[in-house]
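Engineer: Just passing along the structure, written as structure tokens.
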Amino acid sequence: MALEIKHLLGLKDVSKSDITQILDAADKFYEVLNRENKTVPTLRGKTVVNLFYENSTRTRISFEMAEKRLSANPLNFSASGSSVSKGETLRDTVQNIEAMKIDMIVVRHGSAGVPKFLTECTGATIINAGDGYHEHPTQALLDMMTIRQKLGRLEGLKVAIVGDILHSRVARSNAWGMTTMGMDVTCCAPTTLLPQHTESLGVKVTTKLDEAISDADVVMLLRPQLERQTHGLFPSVREYRTYYGLDRDKMKLMRNDALIMHPGPINRGVELEAEAADCPQSVILDQVTNGVAARMAVLYLLGGGEHE
Ligand code: CP
């Protein structure tokens, strides 16, 4: 069965059937990645441009690895070092790259809506690798893949997302995707780090950490995105850590079998202490491993492949 979507711009309007199909394909690619020969010929002859206008470690490297594992030709573009510094617009940049005959564009940009804009000015398939505060759909897919792999299901599980919800595209994509999959999501943050009308994402909201994490199957921490804050939204890092940072004492409020997740990069000593980041309940590096398989699934299915 082919996906209903033609581009992956976000998870807001992606159906349960499409998400399930991507997660099932990701599980198959996970098996491929554990073989001695980790490469398949699926996207041979296709060219994928990784267009990054914002910094990235995990997303950028795992997309490039996923493209290579699928035998596609990856081309990497960074705004720094390009003709963007000479004043070339996004539209001109993309249309010039498209003129070199490419098939897909993976785009990260600081402005919400750029992936949608690219669908209107190019004929390439567009995959959102993070746009402003808006969405980061492949992160949410790899997060759901990791939860399903560890806990065997998604439906009915309780997830607490704790931290800078206001600036987090990861929180938004997870809220849309997880609620579509029948999960019970609670967002927890100080009032200043919660967007207006957070409940419109289909989630519960609290400012109290113990209320969010005490019966959660999954606790996902997010870092305060200081680079996106124009003025102080909490009194001090020390105070934030006291109320919202996960350490050994606050872990005692959690169930013993709850998973600890974080999309990275971690600010150790702020939202997560080492004893929580590196404990047996932490699946943070499994998330990174699964990022390659989840991105292979998205590239494969949007590239015309079907999951049986
Ligand atoms: N999780 C995530 O998007 O990390 P990067 O910014 O390093 O890609």
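Engineer: Report yes if Gly177 is within 16 Å of the ligand (Cβ to nearest atom) and buried (at least 17 other Cβ atoms within 10 Å of the Cβ), otherwise no. Steps first, please.
Structural biologist: Working: within 16 Å of the ligand (Cβ to nearest atom): yes; buried (at least 17 other Cβ atoms within 10 Å of the Cβ): yes.
Yes: the conditions hold for Gly177.
Engineer: For Tyr133, which of the numbered conditions (1) open to solvent by 50 Å² or more (accessible area, probe 1.4 Å); (2) more than 16 Å from the ligand (Cβ to nearest atom); (3) touching a Lys or Arg at 6+ places or on another chain (Cβ under 7 Å) fails to hold?
Structural biologist: Unmet condition: (2).
Engineer: Also: List, please: which pairs have Cβ atoms under 7 Å, are six or more places apart or on different chains, and start with a residue in region 1-22 that is farther than 14 Å from Gly304 by Cβ and free of Cβ contacts under 8 Å to residues at least 60 places away in the same chain and end with one that is part of a loop (DSSP other than H, G, I, E, B) and of a type in the set (D, E, K, R)?
Structural biologist: As it stands, the answer is Asp18/Glu4, since those pairs meet every condition given.
Engineer: Scan region 85-122 residue by residue and report those that are part of a helix (DSSP H, G or I), of a type in the set (Asp, Glu) and open to solvent by less than 60 Å² (accessible area, probe 1.4 Å). Working first, answer last.
Structural biologist: Of the residues in region 85-122, the ones part of a helix (DSSP H, G or I) are 85-86, 90-98, 114-121.
The next check asks that each one be of a type in the set (Asp, Glu); those that pass are 92, 98, 120.
Matches in region 85-122: Glu98 only.
Engineer: Of these, Thr289, Thr242, which one is open to solvent by 70 Å² or more (accessible area, probe 1.4 Å), within 15 Å of the ligand (Cβ to nearest atom) and either at positive phi or assigned to a helix (DSSP H, G or I) (or both)? Quick ask: steps written out before the conclusion?
Structural biologist: Values: Thr242 fails: within 15 Å of the ligand (Cβ to nearest atom).
Of the residues listed, the single one that is open to solvent by 70 Å² or more (accessible area, probe 1.4 Å), within 15 Å of the ligand (Cβ to nearest atom) and either at positive phi or assigned to a helix (DSSP H, G or I) (or both) is Thr289.
Engineer: Any idea which residue in region 47-68 is farthest from Leu142 (Cα to Cα), counting only those that are charged (D, E, K, R) and either surrounded by 23 or more Cβ atoms within 10 Å (Cβ to Cβ) or within 11 Å of the ligand (Cβ to nearest atom) (or both)?
Structural biologist: Glu54
For every residue, the table says whether it meets (1) touching a residue at least 40 places away in the same chain (Cβ under 8 Å); (2) open to solvent by 30 Å² or more (accessible area, probe 1.4 Å); (3) away from the ligand (no atom under 16 Å from the Cβ).
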| site | (1), (2), (3) |
| --- | --- |
| Thr146 | yes, no, no |
| Leu151 | yes, yes, yes |
| Gly163 | yes, no, no |
| Val170 | yes, no, no |
| Met181 | yes, no, yes |
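The values are calculated or read from the model by the stated rules, or taken from the named source; none is laboratory data. Since the model is a prediction, treat every value here as computed from it, not as a measurement. All Cβ positions, glycine included, derive from the backbone under ideal geometry; neighbour counts span all protein chains shown. Quick note on the areas: whole protein, heavy atoms, side chains included, nothing else; ligands and nucleic acids left out. Shrake-Rupley method; radii C 1.70, N 1.55, O 1.52, S 1.80 Å.
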